[in-house]
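To keep things clear, I will list the structure first and then write my remarks on it.
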Amino acid sequence: EGGLPAKEIPSGRPGPGFSLPNTAEAAKMALRSLRANLMRTLLTLLGIIIGVGSVVTMLAIGDGAKQAVLDRLASLGPDLMVVRPGAPNIRPTGGITATLVPADSDAIETLPNIAASVPEFPGGVTIRYRNRDYATQANATGAAYPQARTWPLAAGTFFSRADVRTYAPVVVLGETVRNAIMPDEPDPIGKYVLLNNIPFEVIGVMSPKGASSFGGNDQDDIVFTPITTGALRLFGQRFARYITVQVADVAGIDATQEAVRQLLIERHGTEDFQIRNMAAILEMATSTQNTLTLFLGSIAFISLLVGGIGVMNIM
């Protein structure tokens, strides 16, 4: 009694919080401010553009460099395992260790996650065509070699499993050998050459592969023959120098390597071989490139932060 009456707030009236009219008015004020200070607006946009652009550019550069390195490493065969003769942790005493045979390769090919398995027996030969002689390397191998090494043919065909079984005297030329002994021959397919004075029919020419990644050796300076024909008729042997194994899924290469190890121990009765895989190279390269991408992204984030600070100072 005698005091001021209490004020009542109508229940239907909005409070001081969010409302559509207030937001629209704030937007109009912001647009008027941007128009009134065009230079400040341009500098603000420039700071944001530089910061965001640097983030996108740096991350793109990092991803591009990573993919380029992985593409180069793919030529080394990250999905490959190589089985070599000789017990692990024992230094060879010289000569040739004959503990692997082509039948081991056939057995490995029956295991899960195996895309291809090829025995290999490389050695030096002299190839002759008409009056031209050339010293090169011959690789007596299996029919799945182009698949295992991801090496397509430029002309003709590679020898088949039937050629391997029947000891067919056929040969596939590398590009360097083809150019050395048949420089003027438009089509070498069907011609006969002499390997160590033994006649072989040319059935294909490999596509150019160039120098190797390490050492600079010419990968095209080679010829290929069936493992049966080459090892026996050219080198007088029935074993394999090593076996190249291609896995179907690189993620399971470690488990597949252990399966190959157990199979060969069962076949040989002892561990007289060594298995190496290329997946470690790919994993190391991926880790290095991820670090590089993180580093470039950090630099870009700093650029964005500096741009934001500049915007705050301008505003």
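Just read off the accessible area of Leu43 with the full protein assembly in place, 1.4 Å probe, to the nearest 10 Å².
It works out to around 80 Å².
Each label point is 7 Å from the Cα along the Cα-to-Cβ direction; what then is the distance between the points at Thr110 and Ser160, in nm?
Calculated label separation equals 2.3 nm.
Count the net charge of all other residues whose Cβ sits under 9 Å from the Cβ of Asn277, scoring Lys and Arg as +1 and Asp and Glu as -1. Before the final figure, lay out the partial values.
Working: positive: Arg276; negative: Asp79, Asp254.
With Lys, Arg at +1 and Asp, Glu at -1, the neighbours total -1.
For the range 216-285, what mean projected area does the convex hull of the alpha carbons give, in nm²? Walk me through the intermediate numbers first.
On the way: hull surface 28.7 nm².
That works out to 7.2 nm².
Chymotrypsin sites (Phe, Trp or Tyr not before Pro) within the range 190-247: which are DSSP loop residues with at most 10 other Cβ atoms inside 10 Å? Could the numbers behind the result be given before it?
Working: sites: Tyr192, Phe200, Phe214, Phe224, Phe235, Phe239, Tyr242; in loops: Phe214, Phe235, Phe239.
Taking the range 190-247 and a limit of 10 other Cβ atoms within 10 Å, the loop chymotrypsin sites (Phe, Trp or Tyr not before Pro) found are Phe214.
The values are calculated or read from the model by the stated rules, or taken from the named source; none is laboratory data. Just so you know, these numbers come straight off a predicted model, no measurement behind them. Positions of Cβ are backbone-derived with ideal geometry, glycine not excepted, and every protein chain shown enters the neighbour counts. We work out accessible area using only protein heavy atoms, side chains counted, and drop any ligands, DNA or RNA first. Shrake-Rupley method; radii C 1.70, N 1.55, O 1.52, S 1.80 Å.
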